[in-house]
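Take a look at the structure set out below.
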Amino acid sequence: MKKKLGFIGLGNMGLPMAINLLRADYQVYGFDTNAEAMEQFAAAGGFGLETAMDIAKQCDVIMTSLPTPQVVELVYRSEQGILQHAKKGCLLIDFSTVNPELNDTLHTEAIALGLRYLGAPVSGGVIGAINATLTIMVGGGTDDYISASEIFRIVGKNIYHLGTSSSIGTRIKLLNNLMIGFYTEAVAETIVLGEKMGIQADTLYEVLNNSYGQSRIYERNYLEYMKNDNYEPGFSTNLLLKDLKLAKEMADEAGVSLRIGEKLVDLYSKIAQQGYGEKDMSAAYLSLKEKCKLEQF
Ligand code: NAD
């Protein structure tokens, strides 16, 4: 009989991941504090439960895809949380992007309670979650990784077991998002400057996409968001800002001064304050345009 799966956090990433597990004929129990997310999950054939504790009591594997380390901490460590209520031997897989120390703490506490834990942040965006093409950066015990590998193959494509430390995947994920922070602003600055000089954004994209200025983020931000004038996230500015703060903390701890990386925290804080926090990160372009008083292209 197939294992009972639990999925907590049915947002932009979690919902399509849970739907892919349902399509693979798993029984998936879900919980989200947002009623609309619960409705969408039920419409896709999922079994909604009322609390994270209910998920913990029922399931053999529990996955989480939650917005911030604070929420992850609450869902795992509170009295009503999954650590206290999961069945012995249950495998916990956290797909959220958190701080590395939190992965390590949760791993240690899980083991002490007879549970298993993997830190498994993902990359590839909502489209990757829908198409099951995510990159998954896994840290944790080899046996646990092997028992989760079928699930990983259903929700992702490029799956890396990076070591037995549960935070190693998170460290690499935060390095990835540091680069996303650079690229997103680079795309915004390049297009705004081009437009100011009368260069069409489409022409610029076509040429730079065949030049060293090309990047996956240019492709994503321009084609999926800016060109359609649609900034519904995707990956919100607030989530990028959270990850840049975590990357900065990681650099501080390693004693590395990030010459530009440090400035990105200030920059995206300002963009969020301008009202773009809940918009897709590609709205960095709108924020700069507003500053330069440029018309829509
Ligand atoms: P999201 O905000 O769309 O989804 C988070 C979900 O968690 C929401 O539906 C919210 O209602 C729910 N939630 C909040 N508090 C809860 C609680 N206490 N109990 C249960 N559910 C709760 O965020 P997302 O974009 O899906 O991102 C999820 C995680 O994945 C984040 O850590 C993010 O950094 C990471 N991530 C996101 C992307 C992306 O492109 N969106 C890509 C890679 C990684």
*Of LYS196/LYS291; LYS242/LYS289; LYS242/LYS279; LYS157/LYS242, which sit over 21 Å apart, Cα to Cα?*
LYS242/LYS289; LYS157/LYS242
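Go through LYS87/LYS173; LYS173/LYS245; LYS245/LYS293 and tell me which ones have a Cα-Cα distance over 20 Å in this structure.
Working: LYS87/LYS173 29 Å; LYS173/LYS245 13 Å; LYS245/LYS293 29 Å.
LYS87/LYS173; LYS245/LYS293, as the Cα separations exceed 20 Å there.
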*Averaged over all directions, how much area does the convex hull of the C-alpha atoms of the stretch 1-158 cover when projected, in nm²?*
8.0 nm²
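Tell me what the chain gives for mean residue ellipticity at 222 nm when only DSSP H runs of n ≥ 4 count, each as -39,500 (n - 2.57), the sum divided by the residue total, rounded to 500 deg cm²/dmol. Don't skip to the end; give the middle numbers.
On the way: 14 runs with 152 residues, N = 297.
Taken over the chain, the calculation gives -15500 deg cm²/dmol.
Give me the Kirkwood hydrodynamic radius of the chain in Å, from all C-alpha pairs, to one decimal place? Let's see the in-between values first.
On the way: mean 1/r = 0.0502 Å⁻¹.
Radius from the Kirkwood sum: 19.9 Å.
Write down the Kirkwood hydrodynamic radius of the stretch 41-83, to one decimal in angstroms, obtained as one divided by the mean of 1/r over all alpha carbon pairs.
Working: mean 1/r = 0.0889 Å⁻¹.
One over the average 1/r among Cα pairs gives 11.2 Å for the stretch 41-83.
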_Run the reach check for LYS248 against aspartates and glutamates, Cα to Cα strictly under 13 Å, same-chain hits fewer than 8 apart removed. What comes back?_
GLU262, ASP266
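Accessible area per residue of the stretch 170-292 at 1.4 Å probe, in Å²?
53 Å²
Note the per residue figure in Å³ for the convex hull of the C-alpha positions in the stretch 170-292. Before the final figure, lay out the partial values.
Values: hull volume 13.0 nm³, N = 123.
Measuring per residue, one finds 106 Å³ for the Cα hull of the stretch 170-292.
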*Approximate spin-label separation SER165-SER211, in nm, with each point projected 7 Å along Cα-to-Cβ*: 4.0 nm
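The values are calculated or read from the model by the stated rules, or taken from the named source; none is laboratory data. What you see is a predicted model, and the numbers here were worked out from it, not measured in a lab. No Cβ is skipped: glycine too gets one built from the backbone with ideal geometry, and neighbour counts run over all protein chains shown. Heads up: the accessible areas ignore ligands, DNA and RNA and are worked out on the full protein's heavy atoms, side chains in. Shrake-Rupley method; radii C 1.70, N 1.55, O 1.52, S 1.80 Å.
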